[in-house]
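The values are calculated or read from the model by the stated rules, or taken from the named source; none is laboratory data. Everything numeric here is computed off the predicted structure, so don't read it as measured data. Positions of Cβ are backbone-derived with ideal geometry, glycine not excepted, and every protein chain shown enters the neighbour counts.
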């Protein structure tokens, strides 16, 4: 099914491509920001030397049975690394989850929305999907706006769903998790009217 | 270590292979269409399922109980709780054979599970999900003082060829937080 799926996605301003070893310093630099760590679930903090390389190795080692697809977000104009976006597919239920982060210096330019929209299209176009969903921490409403601008509908909030602990910063917080989703039928009619 | 939870009329106890015939008898289509279970559930499937539970280690975070009625020691259904200790949360589920519906057994078993979760496992949040067409299950959650959170639209896909049933199911989620459960203990 996925033998000929392109892992290069071009949008108006961005290129989404597989992360490479040369991205490691940028990944460490931008994922290492507190604002990124506190708004995501699995990014370690502090982001230490070697972690980016290990992450890239894990991504490179995946085969299509992993059903996980991860992209670096690159600004076309100057080849600047901006962040990452990914899609995790559950084939049995024909649904997928999208996740993303953007480096703090690049916030406020609509890059997350542009990347998320592109990945939603890529997901529905290349896989048998009925639903794509995404989650955000409610203390990060900007992420919900990205999801809604990507065509998703807000569904609801799971209260105190995660206990996010970042010992290096003495941070220990129960986070409320909001979720949004787009169904294939909604994506389809969104395309027909555009 | 055998966990047994007794309520007024029920006993939540470890499942055994001797329960396989009763489990199979309970797993009619009326039940199978309300929970994520295989249908039809053959004797072999029931035994394989039970065997997979029996081998779980004592420190498992994925618990399953047979629901036994004390009065006649009948196996009337199953329930379980999957814990996520690092997030101090859990999700539970339950089902009963149709002939046992309408007696408040699900509420009694679910309440016992919730109490056990908070009392014995230091949880902060306990949640449960239901297929939105299963209003009875939602009512159980309401009676436990759970808060409805939201519906995940078309979240799962069920394909039951023998019933010619193929559908995406809306899943409703309810939860109760530790502070809410404690308030119910001390009204």
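Odds and ends about this structure:
- Looking across B:168, B:118, B:148, one residue alone is more than 30 Å from residue A:181 (Cα to Cα) and touching a residue at least 12 places away in the same chain (Cβ under 8 Å). It is B:118.
- Residue B:171 under 29 Å from residue A:132 (Cβ atoms) and modelled with pLDDT of 95 or more: yes
- Meets criteria (over 15 Å from residue A:87 (Cα atoms), surrounded by 21 or more Cβ atoms within 10 Å (Cβ to Cβ) and in contact (Cβ under 8 Å) with a residue 40 or more places away in the chain) for residue A:111: yes
- When residues in segment A:157-180 are screened for being surrounded by 14 or more Cβ atoms within 10 Å (Cβ to Cβ) and touching a residue at least 60 places away in the same chain (Cβ under 8 Å), 3 of them pass.
- Which numbered condition residue B:175 misses (of (1) part of a strand (DSSP E or B); (2) within 26 Å of residue B:59 (Cα to Cα); (3) more than 9 Å from every other protein chain (Cβ to nearest Cβ)): (3)
- Residue in segment B:28-49 that is closer than 23 Å to residue B:72 by Cα, in contact with a strand residue (DSSP E or B) (Cβ under 7 Å, 6 or more places away or on another chain) and in contact (Cβ under 8 Å) with a residue 24 or more places away in the chain present: yes
- Restricted to segment B:159-169, and to residues there that are more than 10 Å from every other protein chain (Cβ to nearest Cβ) and in a strand (DSSP E or B), the residue that is surrounded by the fewest Cβ atoms within 10 Å (Cβ to Cβ) is B:166.
- When residue A:98 is tested against (1) in a strand (DSSP E or B); (2) within 11 Å of chain B (Cβ to nearest Cβ); (3) under 29 Å from residue B:86 (Cα atoms), only condition (2) is not met.
- Against the conditions (1) touching a strand residue (DSSP E or B) at 6+ places or on another chain (Cβ under 8 Å); (2) assigned to a helix (DSSP H, G or I), residue A:84 satisfies every one except (2).
- Restricting segment B:125-142 to residues that are under 20 Å from residue B:89 (Cα atoms) and surrounded by fewer than 20 Cβ atoms within 10 Å (Cβ to Cβ) leaves a set whose member that is nearest to the other protein chains (Cβ to nearest Cβ) is B:138.
- Residue list for segment A:4-57, filter: without any contact (Cβ under 8 Å) to a residue 24 or more places away in the chain and not in a helix (DSSP H, G or I): A:4, A:6, A:8, A:32, A:42, A:44, A:47, A:48, A:49, A:50
- Residue check for residue B:149: within 14 Å of chain A (Cβ to nearest Cβ) and loosely packed, with under 15 Cβ neighbours inside 10 Å: no
- For segment A:110-194, the helices (runs of 4 or more DSSP H) that sit wholly inside it and include 3 or more residues that are within 11 Å of chain B (Cβ to nearest Cβ), closer than 30 Å to residue A:6 by Cα and at pLDDT 95 or above are A:184-192.
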